[in-house]
Amino acid sequence: MVGAGLSGAVMARKLAEAGHLVTVCDERSHIAGNCYTERDADTGVMVHVYGPHIFHTDDEGVWDYVNRFANFLPFVNRVKTTSGGRVFLLPVNLHTINQFFNKTLRPDEAKEFITSIADQTIGEPKTFEDQALKFVGRDLYEAFFKGYTMKQWGVEPTQLPASILKRLPVRFNYDDNYFFHRFQGMPENGYTEMVEKILDHDNIELKLNTRYSRAESASYAHVFYSGPLDGYFDFELGRLGYRTLDFERFYYDGDYQGCAVMNYGDLDVPYTRITEHKHFSPWEKHEKSICYRESARSCEEGDIPYYPIRMADEKALLARYVERAGQEPGVTFVGRLGTYRYLDMDVTIREALDTADAYLNASANAQKLGAFFVSP
């Protein structure tokens, strides 16, 4: 297993329990990948070192799986946004609409009102901007979506596909739960402890601070690679495009913003959001606070890749790497980086479990697992 994040750990555990001897290596000095959490020595706050990770899923099997290794406590993500010097609730809901337009509309009245201000001249939306204008109109689009999107992706919304905003989160009730999923929560003692327990098996050997070379592939019955797909081939065809995140970490004596996540939609604010980490563990009480100002930019060599861009140029390059990967015997590319897809944690875990099952079935039938269990 190349990578000790969720993909590598979950597959390692599944195969180890089936009797395989598994080596897990990671070039970082810690496990859990970007889910890595650690408790700050000065404040006692559990910090999501690479930005907040909130667990939410409708997959009961995955929910049961993570609760095998951690005690998940209730956490509902209630996001706020600052726009034009005012604070609103996200996703856009009935409270947001009434507050923004200084109205007291009922649900049916709000639907009628939003329809009246939406751009009905747009047929099938082709761009992010088209999608937003068609469903919420220009005022809400510019207040809550345009500036944030430009900062997050570094391009005009007219250059982004409508698919990014296909499920426009607008609610005509007062529900401000950011997610729709049945199961939502946070591991009581952080994600690092959970991954540590997943990897705790006699058949698993862990090697940190270890960079993997594809020349080593022949030494193993099979390799599951969760690092960057282009990185496996030493970027021979070029680099796939990613957005990366910069975090400005600062301390505050007290409660800085009163919530876990505050977005900033205005373009004149350079960062996209501020996260206050003690609010991700509402069952704990801390006098002092740790916050991150979060900004997005293009990923360069040496940066941590977060969000695959997947625009036209990247998709063309991706197709070439997928073809190369198909010629690589005994290697399966998995996870967010290995398949160049944005994956939530629950989907990552489900795919890891299913990929491990597929390998066990293939091995039992003297067959080989291909380069991708889920095609990019």
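Where a number appears in this text, it was derived from the coordinates with a stated rule and is not lab data. In this text, all values refer to a predicted model and were calculated from it rather than measured experimentally. Using ideal geometry, Cβ is built from the backbone for each residue, glycine included, and neighbour counts are taken over all protein chains shown.
Which one, Glu287, Glu248, Glu301, has the greatest fluctuation when you compute a Gaussian network model over the chain with C-alpha springs under 10 angstrom?
Glu301
Taking neighbour Cβ counts within 10 Å as the exposure measure, how do Tyr225, Tyr148, Tyr264 sort from fewest upward?
Tyr264, Tyr148, Tyr225
Read phi for every residue in the stretch 177-189 and hand back ³J(HN,Hα) as whole Hz from Karplus 6.51 cos²θ - 1.76 cosθ + 1.60, θ = phi - 60°, with x for Gly and Pro.
Each residue's phi maps through the Karplus curve to give 5, 5, 10, 9, 5, 5, 10, 9, x, 9, x, 3, 10 Hz.
Using the 10 angstrom Cβ neighbour count as an exposure proxy, how do Leu267, Leu206, Leu133 rank, fewest first?
Leu267, Leu206, Leu133
Enumerate the calculated ³J(HN,Hα) couplings along the stretch 356-364 in order (Karplus 6.51 cos²θ - 1.76 cosθ + 1.60, θ = phi - 60°), each rounded to whole Hz, writing x wherever the residue is Gly or Pro.
So the J values, rounded to whole Hz, are 4, 4, 5, 5, 5, 5, 5, 5, 5.
Normalised by the residues of the stretch 92-165, what does the relative contact order come to in percent, with Cα pairs under 8 Å and at least six apart?
Computed over the stretch 92-165, the figure is 29 percent.
Around Glu27, which amide H atoms from residues at least 5 apart in sequence, or from another chain, sit under 5 Å from its own amide H, with H modelled in the peptide plane?
Amide H to amide H, under 5 Å and 5 or more residues apart or across chains, Glu27 pairs with Thr210.
In the Gaussian network model of the chain, springs joining C-alpha atoms below 10 Å, which of Phe179, Phe128, Phe113 carries the largest mean-square fluctuation?
Judging by the Gaussian network model, the answer is Phe113.
State the volume of the convex hull built on the alpha-carbon positions of the stretch 169-291, expressed per residue in Å³ and rounded to an integer.
That works out to 242 Å³ per residue.
If we count other beta carbons within 10 Å of each Cβ, what is the order of His53, His277, His181, fewest first?
Lowest to highest Cβ neighbour count: His181, His53, His277.
Ignoring solvent entirely, what values of log10 I(q)/I(0) come out of the Debye formula for the chain at 0.09, 0.13 Å⁻¹ when each Cα is a single scatterer?
Here the Debye-derived log intensity ratios amount to -0.58, -1.16.
Using alpha-carbon pairs under 8 Å, 6+ residues apart, how would you state the relative contact order of the stretch 193-309 in percent?
Once divided by the residue count of the stretch 193-309, the mean separation gives 28 percent.
If you take the charge dipole of the stretch 92-165 about its Cα centre, with +1 on Lys and Arg Cβ and -1 on Asp and Glu Cβ, which of Phe128, His95, Tyr141 is farthest toward its positive end?
Toward the positive end, the furthest listed residue is His95.
Return one number: the angle in degrees, 0 to 90 and rounded to the nearest 10, between the long axis of the Cα atoms of helix 128-140 and the longest principal axis of the Cα atoms of the chain.
30
Amide H to amide H, which residues 5 or more places from Ser83 or on other chains are under 5 Å from it, using H placed in the peptide plane?
The answer is Phe88.
From the cross-link list Lys151/Lys288; Lys80/Lys134; Lys14/Lys315, which pairs have alpha carbons spaced over 26 Å apart?
Cα-Cα > 26 Å for Lys151/Lys288; Lys14/Lys315; rest within.
List the aspartates and glutamates whose Cα lies under 14 Å from the Cα of Lys197, skipping any in the same chain that are fewer than 8 positions away.
Excluding near neighbours in sequence, the set is Glu17, Glu188, Glu205.
How high is the relative contact order of the chain? Use alpha-carbon pairs under 8 Å, at least six apart in sequence, and give a whole percent.
Computed value for the chain: 25 percent relative contact order.
What does the charge dipole of the stretch 92-165 about its Cα centre add up to, to the nearest 20 debye, if the Cβ of each Lys and Arg holds +1 and the Cβ of each Asp and Glu holds -1?
Magnitude of the dipole: close to 180 debye.
Against the globular-protein guess of 2.2 N^0.38 Å, express the Cα radius of gyration of the stretch 92-165 as a ratio, rounded to two decimals.
Here the Cα radius of gyration is 1.13 times the empirical estimate.
What is the sum of charges around His30, taking Lys and Arg as +1, Asp and Glu as -1, for the other residues whose C-beta is under 14 Å from the C-beta of His30?
Net local charge, His30 excluded: -2.
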